[in-house]
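Quick notes on the structure that follows.
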Amino acid sequence: MSVDPMTYEAQFFGFTPQTCMLRIYIAFQDYLFEVMQALEQVFLKKLDGIRDCAISPVQIRKCTEKFLCFMKGRFDNLFAKMEQLFLQLILRIPPNVLLPEDKSQETHSYSEEEFHLLQKEIEQLQEKYKTELCTKQALLAELEEQKTVQTKLKQTLSLFDELENVGRDHGASDFREGLVFLIQNSRKLHNIIENVEKEGKRLKIS
């Protein structure tokens, strides 16, 4: 089989020419094997009708296998020549022929230097895209962090509103007076808790 990938031909046919030739080769081998099996069966049936035949089925099988190897060797030699002709003259696209989808190359041809410049520009654009993608991810992360801070800020403002309402319920005119009121009551509550704990300890001792 040819080692030339023949990618342009594969673009046109939808399969590589080597694959086509391989399928032909396998199909012929399968057919040859089936023919040899059929011939062997015919010979065996003919021998059954001959009395005192000196030829045994084992000999028939050996002869069939020998003939199969002979035919396969001859076919391999012929197939190698046929494959060469097919790949060079039939399944090959001439170098001066362009496929319809590549016709634009006739009017937009590029030199090797221009191709390298285009390749370099593509690499630069890819790097720029990666940088912008990283920047976008960083901005999204910062936006999520801002949303978290905003949620906490709303919770804090809501707590201040509740404290202000509590202060108003107890006669405080503004938030500062309400906060002082809450601090004073917190201290009183703390003193009460301490007194209760001391009294509990004294009762345990007694």
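Checked across region 4-19, the condition of being at pLDDT 90 or above and open to solvent by 90 Å² or more (accessible area, probe 1.4 Å) holds for no residue. Every condition in (1) open to solvent by less than 90 Å² (accessible area, probe 1.4 Å); (2) at negative phi; (3) at pLDDT below 90 holds for I90 except the one numbered (1). The residues on offer are L125, L179, L163, and the sole one that is surrounded by 10 or more Cβ atoms within 10 Å (Cβ to Cβ), modelled with pLDDT of 65 or more and of a type outside the set (G, A, S) is L125. Looking only at residues of region 46-83 that are hydrophobic (A, V, I, L, M, F, W, C) and more than 60 Å from the chain's Cα centre (by Cα), we find that the one that is surrounded by the fewest Cβ atoms within 10 Å (Cβ to Cβ) is A54.
When R92, R51 are checked against the criterion of being in a loop (DSSP other than H, G, I, E, B) and under 30 Å from D4 (Cα atoms), a single residue qualifies: R92. Of the residues making up region 1-9, at least one is in a helix (DSSP H, G or I), under 31 Å from the mean Cα position of the chain (by Cα) and touching a residue at least 24 places away in the same chain (Cβ under 8 Å).
The values are calculated or read from the model by the stated rules, or taken from the named source; none is laboratory data. Quantities reported herein were computed from a predicted structural model and do not represent experimental measurements. As a convention, Cβ positions derive from the backbone with ideal geometry for all residues, glycine included, and neighbour counts pool all protein chains shown. For the accessible areas, the whole protein counts, side chains as well, though only heavy atoms, and no ligand, DNA or RNA atoms are used. Shrake-Rupley method; radii C 1.70, N 1.55, O 1.52, S 1.80 Å.
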